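Please read the structure below before turning to the comments.
The values are calculated or read from the model by the stated rules, or taken from the named source; none is laboratory data. Worth saying up front: this structure is predicted, and the values here are computed from it rather than measured. Cβ coordinates were reconstructed from backbone atoms using ideal geometry, including for glycine residues, and neighbour counts include every protein chain displayed. In case anyone asks, the SASA skips ligands and DNA or RNA and just uses the protein heavy atoms, side chains included. Shrake-Rupley method; radii C 1.70, N 1.55, O 1.52, S 1.80 Å.
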Amino acid sequence: MTFLLIGGSVITNLGLLGQAKVSIHVKHAESLDELQEVELYVTPGNLIYKSDEKGNMLLESLPFGTYELLFVSPSFEIHRQQIKVEQEKIDLTIRLKELSYELSEVVISQRRKELFALRRLKDVEGTAIYAGKKNEVVLIDELTANLGAGNARQIYAQVSGLNIYESNDAGLQLSIGGRGLDPNRTANFNTRQNGYDISADVLGYPESYYTPPVEALGEVQVIRGAASLQYGTQFGGLINFKMKEHISDKKVSWISRQTIGSYNLFTSFNRVSGTVNEHFSYQVFFNHKRGDGFRPNSGFQANNTFVDLHFAPSEKTFIDLELTHMNYLAQQAGGLTDAQFYKDITFSNRERNWFAVDWRLASLRIEHKLNPKTELSLNLFALDASRKAVGFRTNRVSQTDDITAPRDLIVGDFNNWGAEGRYLSRYKLGGKEAIYLLGVKYYQSNNFAIQGPGTTGFDADFSLATEEHPFYPNQSDFRFPNLNLAAFGEHILHLNDKLTVTPGFRFEYINTQSEGDYKRINFDLAGNPIQDTTFADNRTFERAFVLLGIGMSYKPNDHMEAFANISQNYRSVTFSDIRIVNPSFQIDPNISDESGFTADAGFRGRFKNYFSYDIGLFAIMYNNRLGEVLRAEQVENVEGELVETGRVIRYRGNIGQALMLGMESLVEWNIAKTFFPNKPEFKLSTFVNASAIRSEYISSEIPGVEGKEVEFIPDFNIKTGLNFGYKNFLGSLQYSYLGEQFTDASNAPQLVSDNQSGIRGSIPAYDVVDLSLSYSFKFLKFEGGINNLLNERYFTRRATGYPGPGIIPSAPRTFYLGVQFKLER
């Protein structure tokens, strides 16, 4: 891994009359061997380059003027050189000296932090365009946090406005939302791993049951609503998990991380990586997690294996093959009523609820440079996966599990594959560089969903028991074939040296189908079946549309940018919205797709090496927003008439038109750099990540909804913290606060006396404090910390289905200790 340093001042006078091609050759100062993966930072201009396998870099179309070049590689001394570009062709040979001493981890971290305190994606990276977009990048190696348990509250602390569902499964599933988007399994984002889809079905069932282990990641890229043009139609945008790069300067590098924690938590992460020769490199990791959970009936166990083989047959082409397999089994303690929660958060009256996931992913990525200005990429990917759930999940959460009754069984099998091709090229337009991207995507899925009676046992048995329980009321068997074709494009236009405009489009063709049947069984007052009818439900929903968007970026200098963008969004109805039967809520049979737009505007940058900032406003308009309201349950009687049962349930459908307006900000101050600039062994910085959102249903045909607040939106969302250290000792102290948020469009308040359901009501405001520490010594690293330091009692979710229904309490105070070994040869 490489790191960068900006230092000193640069005096420059760029000429506009000529441009140069600068060829640079980087070599070892003593052996004269070519050095690859050396990073070059050019100021002014914030240009970053990296040497190839032969130590070469090519700086094309560089305007005449004076520049400072900074060459950085972790095993070599930093080399700074000033050049004056006055002719069209320049050849440079740079020789780097090996480090004669070891740098402490804190020194490396501070040097890297100096540039990357506010990490943002460049306007162009690979075959993707990010100009004018709201984006944030979480650098995992910069964190002092509970990585072994994947504590999302710490990991995403500096990503503005995220709303996080917390679970007790050591990070097996990530559930994040924001700006009014339901956090459940991150379903409102397009989730990818190294650029390819990893959710169950991008359009038909976009829930993410698999999340890569944090210890394997180099960074997490978060791109907001404008990502609908390049990555899909969704309102949330993109979350892309990027694995760590292959070790490029060693044949074998082994890292082993072992973590233990409260409630018998144990995680083991082991990774081997290296580069055999200039054509082949590799990485393989295995991750094991297990724990008992802080409640009875909440243990889990998971295994995750990843293989990445990287081939570079030439300097212009590389091929990457990735294989992922993850499986886990978790017992689910069920939800609580409000009364149960405030009495004892460790209570559980569910002993027979189980959940299992088996996820297999494959990806083949090919990238090729046709010439220095044009790149091609092709990503072929496939998923073969399943999720299985069995348990007792009545609407009355307080009801004790009837161990003589069959459990409700839901099995989903997901089979999909796709291909995404991209073509990016640079050319001259009006004397300025212009960049355009064109892409196409083909995606086909064939999914199966079965619901019916499970066994009456206590074990993780996911077999159907239809013969034993033929009159079980919730029975269905469906196949969901989906087809998606998309074409997209974006174009960066430089209006002048400081202002760029990036228009874009996305064409979508979606064909969603359902083929299958479901049963409706009516009972008399004594509970005896009096009618058993099977209904066929075959549907085809075909649509085609175009989404448009535009972004603008103004950079008055190298350290500041103002940006704005607006993009249309679209979210199709999922098959779980159509057919899964849930005793906690009903679904409108006429439910339809959502549409709308997302707009962002703000400014970001840094002041010297002391402050970094990202402050912006956003607006989201939802048409036909999907949501839930509380209403009396209705069922058909023998005559086919709708009658009320006397129960109040959630009703899911198109609620109406909603508007969200908000402010998001992230400010970080490097205190140590401000007051002790010549003492890199000290580390002290603080950050404030704050968002404020106002929302309203501005129209609705449902009584009592218009004028109400939109669900899943805390009015204030604040995370702040202190990062500190001395030499190889590092620490972080973090405070998180979220205001009250509603869970349904009716804005039902919290009822502390509720002793029946637990699914009705708001989520009260809560705050949490976390402490993490680490110490490095040669090839060892020790970690430890306390999550929920003040032992707050709180919850982040009222589940209507698994793992509830009911309140899912967050963990009390927990401890963790970890050790990392690193060996190389």
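When you scan the range 5-14, do you find a residue that is within 23 Å of Ala312 (Cα to Cα), surrounded by 14 or more Cβ atoms within 10 Å (Cβ to Cβ) and modelled with pLDDT under 80, even just one?
Among the residues of the range 5-14, not one is within 23 Å of Ala312 (Cα to Cα), surrounded by 14 or more Cβ atoms within 10 Å (Cβ to Cβ) and modelled with pLDDT under 80, which makes the answer no.
Does any residue of the range 795-809 turn out to be open to solvent by 40 Å² or more (accessible area, probe 1.4 Å) and either closer than 30 Å to Ala692 by Cα or in a loop (DSSP other than H, G, I, E, B) (or both)?
Scanning the range 795-809 turns up no residue that is open to solvent by 40 Å² or more (accessible area, probe 1.4 Å) and either closer than 30 Å to Ala692 by Cα or in a loop (DSSP other than H, G, I, E, B) (or both).
I'm trying to understand the selection: among the residues of the range 590-639, which are open to solvent by 40 Å² or more (accessible area, probe 1.4 Å), touching a Ser or Thr at 6+ places or on another chain (Cβ under 8 Å) and modelled with pLDDT of 90 or more?
Once the filter is applied, which keeps residues that are open to solvent by 40 Å² or more (accessible area, probe 1.4 Å), touching a Ser or Thr at 6+ places or on another chain (Cβ under 8 Å) and modelled with pLDDT of 90 or more, the range 590-639 yields Phe597, Tyr613, Ile615, Asn623, Asn624.
One line per residue, one yes/no per condition, for (1) modelled with pLDDT of 95 or more; (2) open to solvent by less than 70 Å² (accessible area, probe 1.4 Å); (3) not aromatic (Phe, Trp, Tyr):
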| residue | (1), (2), (3) |
| --- | --- |
| Ala449 | no, yes, yes |
| Gly454 | yes, yes, yes |
| Phe462 | yes, yes, no |
| Ser476 | no, yes, yes |
| Phe480 | no, yes, no |
| Gly489 | yes, yes, yes |
| Thr534 | no, no, yes |
| Pro556 | no, yes, yes |
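Pull up the range 390-434, narrow it to residues that are in a strand (DSSP E or B) and β-branched (Val, Ile, Thr), then point me to the one that is nearest to Asn194 (Cα to Cα).
It comes out as Val411.
Please identify the pairs in which a residue from the range 466-485 that is farther than 30 Å from Ala419 by Cβ has its Cβ atom under 7 Å from the Cβ atom of a residue that is buried (at least 16 other Cβ atoms within 10 Å of the Cβ) and aromatic (Phe, Trp, Tyr), counting only partners at least 6 apart or on another chain.
Partner pairs satisfying both residue conditions: Gln475/Tyr518; Ser476/Tyr518.
Could you say whether any residue in the range 736-746 is surrounded by 17 or more Cβ atoms within 10 Å (Cβ to Cβ), in contact with a helix residue (DSSP H, G or I) (Cβ under 9 Å, 6 or more places away or on another chain) and in contact (Cβ under 8 Å) with a residue 60 or more places away in the chain?
yes
Wholly within the range 261-379, which strands (runs of 3 or more DSSP E) include no fewer than the required count, namely at least 2 residues that are under 24 Å from Ala170 (Cα atoms), open to solvent by 40 Å² or more (accessible area, probe 1.4 Å) and of a type in the set (A, V, I, L, M)?
Ranges flagged: 317-331.
Given the conditions (1) modelled with pLDDT of 95 or more; (2) hydrophobic (A, V, I, L, M, F, W, C); (3) crowded, with 16+ Cβ neighbours inside 10 Å; (4) over 18 Å from Ala200 (Cα atoms), which single one is not true for Val397?
The number of the failed condition is (1).
I'm checking my understanding of the structure. Among residues of the range 694-708 that are without any contact (Cβ under 8 Å) to a residue 40 or more places away in the chain and surrounded by fewer than 20 Cβ atoms within 10 Å (Cβ to Cβ), which one is farthest from the chain's Cα centre (by Cα)?
Selected residue: Pro703.
From the set of residues in the range 43-59 that are modelled with pLDDT of 85 or more and part of a strand (DSSP E or B), which is farthest from Pro313 (Cα to Cα)?
Leu59
Give the residue that is farthest from the chain's Cα centre (by Cα), with candidates limited to residues of the range 409-434 that are of a type in the set (A, V, I, L, M) and open to solvent by less than 10 Å² (accessible area, probe 1.4 Å).
Per the criteria, the residue is Ala434.
Residues being hydroxyl-bearing (Ser, Thr, Tyr) and under 15 Å from Leu217 (Cβ atoms): count how many of those fall in the range 145-181.
1
Would you pick out the residues in the range 231-253 that are part of a strand (DSSP E or B) and over 27 Å from the mean Cα position of the chain (by Cα)?
Within the range 231-253, Ser253 is the sole residue that qualifies.
Any residue at all in the range 404-415 that's at pLDDT 95 or above and farther than 30 Å from Tyr472 by Cβ?
No, the range 404-415 has no match at all.
Find all pairs meeting these conditions: Cβ atoms under 6 angstrom apart; at least six residues apart or on different chains; first residue within the range 487-502 and within 30 Å of Tyr443 (Cα to Cα); second residue among the small types (Gly, Ala, Ser).
Phe488/Gly439; Glu490/Gly504; Ile492/Ala131; Thr502/Ala131; Thr502/Gly132; Thr502/Gly551
Report whether or not Leu771 is of a type outside the set (Phe, Trp, Tyr), without any contact (Cβ under 8 Å) to a residue 60 or more places away in the chain, assigned to a loop (DSSP other than H, G, I, E, B) and within 22 Å of Gly291 (Cα to Cα).
Here the answer is no, as Leu771 does not meet what is asked.
I'm checking my understanding of the structure. Among residues of the range 15-32 that are polar (S, T, N, Q) and in a strand (DSSP E or B), which one is modelled with the highest pLDDT?
Restricting to residues being polar (S, T, N, Q) and in a strand (DSSP E or B), the top hit is Ser23.
With respect to Leu40, determine if the residue is on the phi < 0 side of the Ramachandran plot and at pLDDT below 85.
Judged against the criteria, Leu40 is not a match.
Would you point out the residue of the range 168-200, among those that are under 13 Å from the mean Cα position of the chain (by Cα) and of a type in the set (Lys, Arg), that is most open to solvent (accessible area, probe 1.4 Å)?
Arg185
Going residue by residue through the range 441-457, is there one that turns out to be touching a residue at least 24 places away in the same chain (Cβ under 8 Å), in contact with a strand residue (DSSP E or B) (Cβ under 6 Å, 6 or more places away or on another chain), small (Gly, Ala, Ser) and under 30 Å from Asn569 (Cβ atoms)?
yes
Contact list please: Cβ distance under 6 Å, first residue in the range 505-521 and farther than 28 Å from Ile129 by Cβ, second residue of a type in the set (Val, Ile, Thr) and assigned to a strand (DSSP E or B), pairs at least six apart or on different chains.
Note: pairs meeting the criteria are Gln513/Thr540; Asp517/Thr534; Lys519/Thr534; Arg520/Thr533.
Got a number for residues in the range 201-219 being modelled with pLDDT under 95, touching a strand residue (DSSP E or B) at 6+ places or on another chain (Cβ under 8 Å) and not hydroxyl-bearing (Ser, Thr, Tyr)?
Qualifying residue count, the range 201-219: 7.
How about the range 181-194: which of its residues are modelled with pLDDT of 95 or more and at positive phi?
Across the range 181-194, the qualifying residue is only Asn194.
For the range 60-75, which positions are assigned to a loop (DSSP other than H, G, I, E, B) and open to solvent by 20 Å² or more (accessible area, probe 1.4 Å)?
Phe64, Pro74, Ser75 - these are the residues of the range 60-75 that are assigned to a loop (DSSP other than H, G, I, E, B) and open to solvent by 20 Å² or more (accessible area, probe 1.4 Å).
Starting from the range 530-548, keep only residues that are free of Cβ contacts under 8 Å to residues at least 24 places away in the same chain, then list their pairs with residues that are open to solvent by 70 Å² or more (accessible area, probe 1.4 Å) and assigned to a strand (DSSP E or B) whose Cβ atoms are within a distance under 6 Å, requiring at least 6 positions of separation or different chains.
Thr533/Arg520
So that you can scan it fast, the table gives a plain yes or no per residue for (1) within 18 Å of Asn151 (Cβ to Cβ); (2) of a type in the set (A, V, I, L, M, F, W, C):
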position: Arg192; (1), (2): no, no
position: Asp197; (1), (2): no, no
position: Pro212; (1), (2): yes, no
position: Val220; (1), (2): yes, yes
position: Thr233; (1), (2): no, no
position: His246; (1), (2): no, no
position: Val252; (1), (2): no, yes
position: Ser268; (1), (2): yes, no
